[in-house]
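Following: one structure in structure tokens, then a few remarks.
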Amino acid sequence: MGLMHRSSPCVGICSTTYGDLICRGCKRFAHEIVGWNGFAPGQRDAVWLRLAELRQGSVGDFLRVADAGDLTSRAEQLRVPDFAELDELDLAYEVLRRSRVPVAELAAVGIEVLVRDAAVVAAADVVRLIDDEFFRRSRAHYERNYRIAAQ
């Protein structure tokens, strides 16, 4: 899964410093961020796997890969790191994040946007929807497993 090529899930936007139990940037739980450097490889792998599964589910709610060849070509043009190792949904997300185009132009790079909303006009709007859903899923996972409402 596409997230695991980095040494840490951190994306440099940590909201746990402001009291969030779930980071709005990387979607890890506060205790995972604090303990990350002391985690055993198996603990890190479990966090990576959860994040990858939650993000993929979120991406799949909003995107479909319509043409894998066009998507791969665009990923190469955009210099997406390790693009050949990513599965289609991870690749679509990474291309979408780097695209500064209207939603209507995404079909040309092999991405079909599944949401029909007048407010969704640019690739960045779809990225925001995916990230919001990813955060919602992370929050639900936290609340289900720790039986504590996340603020």
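Coordinate range of the alpha-carbon atoms in the chain per principal axis, descending: 43, 33, 23 Å.
Between Tyr18 and Val101, what is the FRET efficiency for a Förster distance of 41 Å, r being their Cβ-Cβ separation, to the nearest 0.05?
On the way: r = 33 Å, r/R0 = 0.79.
Plugging the Cβ-Cβ distance into 1/(1 + (r/R0)^6) gives 0.80.
Computed on the range 63-151, the Cα convex hull volume stands at 118 Å³ per residue. Comparing Leu96, Gly38, Val65 along the charge dipole axis of the chain, the residue lying farthest to the positive side is Gly38, per the Cβ-charge model.
Taken along the Cα-to-beta-carbon direction at a fixed 7 Å, the label points for Arg64 and Leu49 span 3.0 nm. Distance between the modelled labels on Asn145 and Cys10, one decimal in nanometres: 2.1 nm (7 Å Cα→Cβ projection). Label positions at Glu112 and Ala124, each projected 7 Å from the Cα along the C-beta direction, are separated by 2.8 nm.
Couplings 3J(HN,Hα) of the range 29-42, computed from phi: 7, 3, 5, 6, 5, 4, x, 3, 5, x, 5, 6, x, x Hz, in residue order, whole Hz [Karplus 6.51 cos²θ - 1.76 cosθ + 1.60, θ = phi - 60°; x for Gly and Pro].
Read-outs: derived from the displayed coordinates by stated rules, not from any lab. In this text, all values refer to a predicted model and were calculated from it rather than measured experimentally. Heads up, the Cβs are rebuilt from the backbone with ideal geometry, glycines too, and the neighbour counts pull from every protein chain shown.
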